Structures are given as structure tokens and as C-alpha cells.
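Q: Let me begin by handing over the structure; questions about it come next.
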Amino acid sequence: MTSLPLTPTSAAHGHLDCHYFNAGLCRSCTFIETPHRDQVADKEAWCVEVLAGHSPDAWLPAAVGLDRDFRNRAKLAVGGSAGSVTLGILDQDFHGVDLRECGIQAPQIRAVIPTIAHFLNGTGLAPYDVKARRGELKFVHITAAPSGDLMTRFVVRSQHGLDVLRSRGQELRALLPTATVISVNLLPEHKAVLEGSREEMLLGDSLRMNLDRVDLHLRPQSFFQTNTDVAIGLYNQVAAWVDEIAPSSLWDLYCGVGGFALYCAGTTGQQSPRRVTGVELSEQAIESAKISAVELGFDSQSGATVEFIADDATEFAEANLASGERPDCVIVNPPRRGIGARLSTALEDSGVEHIVYSSCNPLTLAKDLDQMPSYTVERARVFDMFPHTKHLEVAVVLQRR
């Protein structure tokens, strides 16, 4: 039994000690030598500085989770050689670095990585050689639900790799009894991406993420925050803010698999149910959100209060606002690039009373806020979604002046 490389150091140091980091094998956790409380304080200070031009009326204390065992998704590059694979990252020379004991991964993910490595060794498939542009095995993605259920995805270069893994599907299912989803993704192109567009299911179709109030359904290419506990805190905080606002109608733009929309769909003593519309470009994510809505009783037979639409968030907002439809509140949760000038302008001109903006990039958040001078920031809160790194989530409540 090997000891995990991520272990608490003495109270005098107050930070975590990673053998991989100390040996120079992996530096992904850039700030792991900084005490976690100081990391969070630095992130809060940076957000205050970046948003100084839109200073909130109140900064709430940061939402902080564990500094180990928190990652619900491992994105493991396959290296090494046929029969002797590594699962972890590739170094600067594209050689495999095995990180199977990485302590920031959820324990149930760590537990199955040796089994998956053994299985891949038995297939005889060679890891993809980036320099030579040959080989089959590119990545293994593992996602863990709070229940312990897993989604395991194999990314390969060609049909041959897919055929080999498909032929051993029964063996794979036996080796991974906690996996409710197993798939193979085909990525024939030589480019720096984690997956291709084609996915073949070997088992199941979606992973049930059983959160505290809502079960979300993640399909292989669905997005979900990598830190489940902090994500639950984010959903509950946004839902609490929305309840205080008490809108009759709500748009959730960039809704993904429906987390914010479903958390906010309940009534708050209103005479009529809250009307919630979730908008997301991914049709697969929208189908998953609809499943969750039906499970929660928001279906057409019950007098639906939740609707999910596959559409571009900006185009949806522009078209509906131009036609005179205006919700009481809008939630936006865009990717790192932010909502952009078009959507910022549409919301600025909309007359919508409240906006809740969840951002993974304070710099683009500040830029978007510059485009919406009619709104003032009422409250803000940092969510430490990515300990030991510079990354974070920050959510703000905007009210029209």
C-alpha cells in the first residue's frame, strides 16, 4: 500500500505537501506550498482589485471546501508504452508522467486508476506518441458522482482502438462495477484538445450527479464544475439570492445541464409558480436538463414552470427582448470569455431589474460590467472552486440603478 503523495504538513507550515510537486514531476497545483487560507485571501483580494470599478455594496465571505480529494473529474493523458502505460500528464518532451495517486482527485477516482491502467496494458494498444503521430490511446476521463458512481471515457485515435475497447466491453464492465457510464471517444485529429465529436456508448448514457436538492444528468460531453461541494454552495447561494429577488420569471442563460435553473425553480410564497427558462447551445445538455426537470415534477402534465431550450444564449436574448418579452431576473453563467459585447448591450438596454452573473474569469466579468453601466453590484462572493491554482468562481448580484 503506497502512501498518497498529498499529505498534511505540520501546523507550523499549514499547507499540503505533494511528492509529485516536490520532485518536479507535476506543477499543476501552482500554489500548493501556500497555506490554503492564504490562497483564498489572495483570490478575494484579487477579485476586489479587478472589480474595483464596480465595487459591490457587500463582499460575502468566500465559500471554501476541502483542499484535497475535491476534484470530481480526472483528465488523464495516456503515456508510456504498450503494456506499460502511464496515466497522468505529458511532460515538455511529451513523455508520460504517472500521477495515479494524485491526492486532489476524489478517492473513488484514485481507487480505479490502477484498475484502468491494468486493463489498458492488457489491450496491447499503444499510447499515442505526439511527436511521431502514431499510437491509439490518448486520454482517460473519469467523473465521480457523490454516490460513488463513475463515468469512464476512453479517447482513442482511430476506429481500430475503438473496436478493441468495444470487444472488451464485458471485461471492462466487470472491472469497473461502480461505472454507470462507459464510452469511447474518437479523436483522429492531431491537435491539442481533450476529445473529438464522435462518442460510442459501451454502458449507460448519463451519470446521475446526486446533489443536495437536485439530481443532474451528465452525458459524456456535458460540462459540470470540477468541485462538487463548492458547486453545491454556488447553486444554493444563487438560489437564495433569486429567492430574495422573488422574480415571477427567470432566464438562465448558458444553463448547461440545468443546475441554476432547477435550483431556482421553486416558488417563494408567490401566488403563481415561477416561470424559469434555461437556454444552452448544447442539445445534449438540454436533453439532460429536461430529464431532471421531469424527475422533479416540472413536466407538461404538472403545469410546467421550467422550460429548457437549445439555442445560442445571445441570439435567444436579443430575439426575445426585441419582441417585448422581458423576465424579472436573468442568470448568466458563461465560459471564460464572458458574455461579450452583444449580450451585455442587450441586457443593458433591456430594463431587466436584476442579473445574477456567475463568472470563472473576473477579468471578463469586469469588462462585461463596463458594458452595463445601468447596473450596480449589490453583493459578490468568491467560490474557491479550484484550490492550489489561480482559478476561481465569483458570483455577483446586479440591480438596475
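Q: Would you point out the residue of the stretch 319-339, among those that are under 16 Å from residue 259 (Cβ atoms) and assigned to a loop (DSSP other than H, G, I, E, B), that is least open to solvent (accessible area, probe 1.4 Å)?
A: Of everything passing the filter in the stretch 319-339, 334 is least open to solvent (accessible area, probe 1.4 Å).
Q: Yes or no: the stretch 91-106 includes at least one residue that is assigned to a helix (DSSP H, G or I), of a type outside the set (Asp, Glu) and either modelled with pLDDT under 95 or on the phi > 0 side of the Ramachandran plot (or both).
A: no
Q: Go through (1) free of Cβ contacts under 8 Å to residues at least 24 places away in the same chain; (2) under 14 Å from the mean Cα position of the chain (by Cα) and name the single condition residue 228 misses.
A: (1)
Q: Out of curiosity, is residue 31 touching a helix residue (DSSP H, G or I) at 6+ places or on another chain (Cβ under 8 Å), in contact (Cβ under 8 Å) with a residue 40 or more places away in the chain and farther than 30 Å from residue 380 by Cβ?
A: no
Q: So which residues in the stretch 260-282 are open to solvent by 60 Å² or more (accessible area, probe 1.4 Å), over 15 Å from residue 327 (Cβ atoms) and modelled with pLDDT under 95, if there are any at all?
A: Matches in the stretch 260-282: 267, 269, 271.
Q: Residue 88: under 21 Å from the mean Cα position of the chain (by Cα), surrounded by 13 or more Cβ atoms within 10 Å (Cβ to Cβ) and assigned to a loop (DSSP other than H, G, I, E, B), yes or no?
A: No, not satisfied.
Q: Here is a further query. Could you please find all residues in the stretch 91-101 being open to solvent by 40 Å² or more (accessible area, probe 1.4 Å) and hydrophobic (A, V, I, L, M, F, W, C)?
A: Hit for the stretch 91-101 is 94, nothing else.
Q: I need a count of the residues in the stretch 126-148 that are among the acidic types (Asp, Glu) and either open to solvent by 50 Å² or more (accessible area, probe 1.4 Å) or assigned to a helix (DSSP H, G or I) (or both). I'd like the intermediate steps shown before the answer.
A: Of all residues in the stretch 126-148, those among the acidic types (Asp, Glu) come to 129, 136.
Still in the list and also either open to solvent by 50 Å² or more (accessible area, probe 1.4 Å) or assigned to a helix (DSSP H, G or I) (or both): 129.
Qualifying residue count, the stretch 126-148: 1.
Q: I would also like to ask the following. Within the bounds of the stretch 45-60, is there any residue that is part of a helix (DSSP H, G or I) and of a type in the set (D, E, K, R)?
A: yes
Q: Can I ask one more? Any idea which of (1) more than 13 Å from residue 254 (Cβ to Cβ); (2) in contact with a helix residue (DSSP H, G or I) (Cβ under 6 Å, 6 or more places away or on another chain); (3) open to solvent by 30 Å² or more (accessible area, probe 1.4 Å) is the one residue 362 doesn't satisfy?
A: (3)
Q: Restricting the search to the stretch 345-359, which residues are open to solvent by less than 10 Å² (accessible area, probe 1.4 Å), of a type in the set (S, T, N, Q) and without any contact (Cβ under 8 Å) to a residue 60 or more places away in the chain?
A: 359
Q: Among the residues of the stretch 102-123, is any farther than 30 Å from residue 167 by Cα, among the polar types (S, T, N, Q), open to solvent by 30 Å² or more (accessible area, probe 1.4 Å) and touching a helix residue (DSSP H, G or I) at 6+ places or on another chain (Cβ under 9 Å)?
A: Checked against the condition, which is being farther than 30 Å from residue 167 by Cα, among the polar types (S, T, N, Q), open to solvent by 30 Å² or more (accessible area, probe 1.4 Å) and touching a helix residue (DSSP H, G or I) at 6+ places or on another chain (Cβ under 9 Å), the stretch 102-123 yields no hits at all.
A quick yes/no check of all residues on (1) at pLDDT below 95; (2) among the aromatic types (Phe, Trp, Tyr); (3) within 30 Å of residue 156 (Cα to Cα); (4) surrounded by 17 or more Cβ atoms within 10 Å (Cβ to Cβ):
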site: 35; (1), (2), (3), (4): yes, no, no, no
site: 42; (1), (2), (3), (4): no, no, no, no
site: 49; (1), (2), (3), (4): no, no, no, no
site: 56; (1), (2), (3), (4): yes, no, no, yes
site: 61; (1), (2), (3), (4): no, no, no, no
site: 64; (1), (2), (3), (4): no, no, no, yes
site: 70; (1), (2), (3), (4): no, yes, yes, yes
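The values are calculated or read from the model by the stated rules, or taken from the named source; none is laboratory data. Since we're looking at a predicted model, the values are computed, not measured. All Cβ positions, glycine included, derive from the backbone under ideal geometry; neighbour counts span all protein chains shown. Ligands, DNA and RNA are excluded from the accessible area calculation, which covers all protein heavy atoms including side chains. Shrake-Rupley method; radii C 1.70, N 1.55, O 1.52, S 1.80 Å.
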